[in-house]
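The values are calculated or read from the model by the stated rules, or taken from the named source; none is laboratory data. The model shown is predicted, which means the values in this text are computed figures rather than measured ones. Cβ placement follows ideal geometry from the backbone for every residue including glycine, while neighbour counts extend to all protein chains displayed. Heavy atoms of the whole protein, side chains included, go into the accessibility calculation; ligands, DNA and RNA do not. Shrake-Rupley method; radii C 1.70, N 1.55, O 1.52, S 1.80 Å.
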Amino acid sequence: WGRGERTRNDGRGGTRGRPKRDFGPNGHDYNLAADAGPNTSTLSDQEIHQMLAERLECKLNRDYPTADGIQDELRNAGVAINDKRKLWRADGAMFDDSAFRKFTKSEYSIETEFADEIQQMMDDRSKAKVKRQFQEADDIRDTLLNEYDVTIHDRFAEWSVGGNFGEERSNKKRSFEKAPGSPVTENDDQIQQMLDDRDAAKKNRDFETADSLQAELKDMGVFIDQRKRQWSMGRGSAGRKSYSYTRRGAGSSSDDQEEEITRLLAKRWECKNNRKFKSADQIRDQLRDTYNVQIDDKNKEWYIVTDGYTRSPASSPVSEETEEIIHDLVEKRAVAKLQQDYDTADGIRDMLIKKIQSTC
């Protein structure tokens, strides 16, 4: 049947047609927004009117999946629709309503030279949420927080550098906590107190003191994760999240080599954060081919695959024959892991466990 002759099931085995209403020459009751600019979409005005009419017809016949599909086509082509106000536009702009929320800078925000850039990122976040691209919206939120110290108050549609929205509106922040896995230092209590003092200074708009404390913490090697409200001991210039990778195992490397490995690990982590996975994989291959470095992302560890393993001094004594067999299996397991043949590596590991248990 034609698009203008849709029918629906009446629940009794037959169909009945919904009486057609006259929506005018365009076949729908949507108007072009008064402030809309020239059509910059990939559709002509005639094509937009036809699709709006088809979408309306589907909605009247309760064919909502098809109506949603047409709406997605229009959106992807650059056409925005406001169902509440019965408006459409194809000039690349979005409607400033509950679907697309325009966030503004809080009057309590710290002044920043990046205000225009932050505002653009806030608009991009709202557009991503309209398109249901929630991961992209979350990535923008994290970038704003970690790179610009911007906190977002969704309820009041405001953003603030420093997180201050006034006494009544400010989100209550919990104290910073030490991240799991961070090494214990003799300065832990001092670091925690400095972080608490920094929060208090920011709340009192004493930004000079807050910045001074942050600089001092950075010099001490403390990494601060604003979103998780956690802190951890870092490794200098290793990068804002690479601190979580710990070296394991033996294998020799010079100080210069280890510094370069650390730099590459940080660069790889940054690429992964920015979703540049191809670049991250290239760095991983470079670390493997140049330094025999194997990365364990699950456990946040890295180690150098060596040509030989040595028995731990704490190991129980075994015969020379058993030691030779174990040494051979360990070498084969190392090769399997280097080739990412983890099934073989795990099988050898199980064989080693059984072999050692049988000799104890």
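Quick test for you: out of Ala67, Ala90, Ala77, Ala33, pick the one residue that is without any contact (Cβ under 8 Å) to a residue 40 or more places away in the chain, of a type in the set (A, V, I, L, M), open to solvent by less than 20 Å² (accessible area, probe 1.4 Å) and within 30 Å of Glu117 (Cβ to Cβ).
Ala77
Of all the residues that make up the stretch 177-213, how many are in a helix (DSSP H, G or I) and open to solvent by less than 80 Å² (accessible area, probe 1.4 Å)?
Qualifying residue count, the stretch 177-213: 17.
Consider only pairs whose beta carbons are under 9 Å apart and that are at least six residues apart or on different chains; among these, list those whose first residue lies in the stretch 108-119 and is in contact (Cβ under 8 Å) with a residue 24 or more places away in the chain and whose second residue is loosely packed, with under 14 Cβ neighbours inside 10 Å and among the aliphatic types (A, V, I, L, M).
Going by the 9 Å Cβ cut-off, there are no qualifying pairs.
Quick one: in the stretch 105-125, of everything that is surrounded by 13 or more Cβ atoms within 10 Å (Cβ to Cβ) and more than 23 Å from the chain's Cα centre (by Cα), which residue is farthest from Ala157 (Cα to Cα)?
The residue in question is Thr112.
Residue check: is Ser316 more than 22 Å from Thr246 (Cα to Cα), assigned to a helix (DSSP H, G or I), at pLDDT below 80 and open to solvent by 50 Å² or more (accessible area, probe 1.4 Å)?
Criteria not met by Ser316.
When you look at Thr143, is it more than 29 Å from Pro38 (Cα to Cα), of a type in the set (Ser, Thr, Tyr) and part of a helix (DSSP H, G or I), yes or no?
Answer is yes for this residue.
Give me the pairs, please: first residue somewhere in the stretch 172-187 and at pLDDT below 70, second residue anywhere and surrounded by 10 or more Cβ atoms within 10 Å (Cβ to Cβ) and basic (Lys, Arg), beta-carbon distance under 7 Å, and either six or more positions apart or on two chains.
Matching pairs, first to second residue: Lys173/Arg229; Arg174/Arg229.
Taking Leu56, is it in a helix (DSSP H, G or I), open to solvent by less than 80 Å² (accessible area, probe 1.4 Å), farther than 17 Å from His153 by Cα and in contact with a Gly (Cβ under 9 Å, 6 or more places away or on another chain)?
yes
Considering only the stretch 260-284, state which residues are modelled with pLDDT of 80 or more and open to solvent by 100 Å² or more (accessible area, probe 1.4 Å).
Once the filter is applied, which keeps residues that are modelled with pLDDT of 80 or more and open to solvent by 100 Å² or more (accessible area, probe 1.4 Å), the stretch 260-284 yields Arg263, Lys267, Lys278, Gln282.
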